[in-house]
Amino acid sequence: MTAYTAAPARLGETRLPDGRLLGWAEWGPRNGTPVLLCPGAATSRWLGFGPKAVEALGVRLISVDRPGLGASTPSPGRTLSGFAADIHHFCTRRELGRPALVGNSQGAPFALACAAKGVASSLAVVSGADEVAAPEFAPALPAELRSLVERTAHDPAGAEESFAKFTPEAMWDMVMAGSPACDLAVYRHPDFAAAYRRALAEGFAQGPAGYARDTVLAMSRWRLPLNEITIPVHLWYGAQDTTHSPDNGTLLATRIPGARHHVVPNAGGSLLWTHPRPILTALLTPAAPR
């Protein structure tokens, strides 16, 4: 165990009503407060966060592989709302009720879909991929990203084929090249790097199609009723994070009623691993009546 991550305490697979499997990993006490993690781009259930905070707060952290990644059965053509339905069935089968939810990086739109469907009791979006296809962001996007967004909108099938050319090594190189020094100190820590690389390898274990579908969904218009989310939502961004949101979640916060927006100074996109205790504490603190 390091301050950043630890090997899962438990691994398993849960069968959905249509026969597909969702792979999962758990940390913390079996009878702890359930917190579901929608992990970042191309990573499997293997990469958790905040092992000391999880134990201290009595959290049962559960990371779930999205379809086609890690141990989860592929589901070609899947949607954000379809993933929310999968998580609803997963929570029912595992008797989790309506757990708290964390969406990290590319896992953010999937977590928001769950919130919009009433699957979760509270939500923390941490270094969340923003809806870069929203027209308000077009002038602020770097040329290369704007080109990808436009291609995804005009030719989603072609974009998906292009994203399917990625490999675990390419993902690692892309993250390392686009991260500030405060993040590289985390990502290049030997224990974290080993866990991250393993999660990437497992994420691509069935091929790149799962990651490619995730990326098309994340880079398209989400079509989620964010204004109808009624659970407590916390948005967390590092002030030095220049890759996940053009405005560090400012616009996103205005679209979710009552969302609390946290921008942490001197932090970057690795916020989930550098600030796990305040993130989990806020997530699990009962909200005042709205």
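Taken together, the criteria exclude D65 from residues that are modelled with pLDDT of 95 or more, open to solvent by 10 Å² or more (accessible area, probe 1.4 Å), closer than 30 Å to G158 by Cβ and among the acidic types (D, E). Considering P286, P265, the condition of being closer than 28 Å to A193 by Cβ and surrounded by fewer than 16 Cβ atoms within 10 Å (Cβ to Cβ) is satisfied by P265 alone.
Scanning region 1-48 for residues that are acidic (D, E) and out of contact with any Leu (no Cβ under 7 Å at 6 or more places or on another chain) yields a single hit, D18.
In region 142-177, the residue that is surrounded by the fewest Cβ atoms within 10 Å (Cβ to Cβ) out of those that are of a type in the set (D, E) and in a helix (DSSP H, G or I) is E144. Among residues that are assigned to a helix (DSSP H, G or I) and open to solvent by less than 10 Å² (accessible area, probe 1.4 Å), G107 is included. Somewhere in region 74-84, is a residue in contact with a strand residue (DSSP E or B) (Cβ under 8 Å, 6 or more places away or on another chain) and of a type in the set (A, V, I, L, M)? No, every residue in region 74-84 fails to be in contact with a strand residue (DSSP E or B) (Cβ under 8 Å, 6 or more places away or on another chain) and of a type in the set (A, V, I, L, M). In region 185-230, the qualifying residues are those that are farther than 20 Å from A129 by Cβ and touching a helix residue (DSSP H, G or I) at 6+ places or on another chain (Cβ under 7 Å), and the one that is most open to solvent (accessible area, probe 1.4 Å) is E228. One residue alone among A116, A129, A140 is touching a Pro at 6+ places or on another chain (Cβ under 7 Å) and modelled with pLDDT under 95, and that residue is A140.
Name every residue in region 236-260 that is open to solvent by less than 20 Å² (accessible area, probe 1.4 Å), in a loop (DSSP other than H, G, I, E, B) and not acidic (D, E), in order of residue number. Those that are open to solvent by less than 20 Å² (accessible area, probe 1.4 Å), in a loop (DSSP other than H, G, I, E, B) and not acidic (D, E): S245, G249, I256.
Of all residues in region 8-27, those being in a loop (DSSP other than H, G, I, E, B) and open to solvent by less than 10 Å² (accessible area, probe 1.4 Å) number 1.
The values are calculated or read from the model by the stated rules, or taken from the named source; none is laboratory data. These figures come from a predicted structure and were not determined experimentally. Every residue, glycine as well, gets a Cβ built from its backbone with ideal geometry; the counts of neighbours run over all protein chains shown. Just so you know, the surface numbers come from the protein's heavy atoms only, side chains and all, with ligands and any DNA or RNA stripped out. Shrake-Rupley method; radii C 1.70, N 1.55, O 1.52, S 1.80 Å.
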